[in-house]
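These notes are about the structure you will find just below.
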Amino acid sequence: MKILILDDARTRRNELADKLRKKRNDVTSIYGSNDFIDAVEKSKCDFLVLDVESWRRGKPIYERFGIAKKLEKTPILFCNAPVNFSSLGERSKHPKDRVLATPTEADAVIAALQ
């Protein structure tokens with residue numbers, strides 16, 4: 001499975017990427033807004049693992065480029081989500097979307113992707 005990770009916490013992002021690669025996934029891990037926008041524009045992933053706080057920090061630029069709308073066909077695993085979080089406001093919810101509350105451990109993410 002081709003997985004894209006957006007998380008600006010390096011340790012968490014690297015741990016998750018390493019564990020997913022050990023399970024034979026093709027993983028791209030990103031921490032910054034510009035790289036994330038490029039990845040969404042250029043590559044097709046099977047699943048996006050999205051740290052909600054990382055998304056919120058880059059939200060103004062993502063809104064400007066319509067990134068949430070471009071992700072409507074991509075299932076998202078939202079990590080470290082606050083209580084009552086369901087999806088990105090301007091994006092229709094995908095049937096395979098999953099939401100994991102804060103704090104989210106790497107093993108919980110892997111289990112949710114299977």
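Read-outs throughout are calculated quantities, based only on the coordinates presented, and are distinct from any laboratory measurement. As the structure is a computational prediction, the values presented were derived from the model and not from experiment. With ideal geometry, Cβ positions are generated from the backbone for all residues, glycine too; neighbour counts draw on all protein chains shown.
Could you look through region 58-78, keep only residues that are in a loop (DSSP other than H, G, I, E, B) and of a type outside the set (K, R), and pick out the one that is surrounded by the most Cβ atoms within 10 Å (Cβ to Cβ)?
L71
With respect to D51, determine if the residue is surrounded by 13 or more Cβ atoms within 10 Å (Cβ to Cβ), farther than 22 Å from H94 by Cβ and either touching a Lys or Arg at 6+ places or on another chain (Cβ under 9 Å) or among the basic types (K, R) (or both).
no
Could you look through region 79-114, keep only residues that are assigned to a strand (DSSP E or B) and in contact (Cβ under 8 Å) with a residue 24 or more places away in the chain, and pick out the one that is surrounded by the fewest Cβ atoms within 10 Å (Cβ to Cβ)?
Here the answer is N80.
Within the bounds of region 38-53, is there any residue that is among the hydroxyl-bearing types (S, T, Y) and either in a helix (DSSP H, G or I) or in contact with a helix residue (DSSP H, G or I) (Cβ under 8 Å, 6 or more places away or on another chain) (or both)?
no
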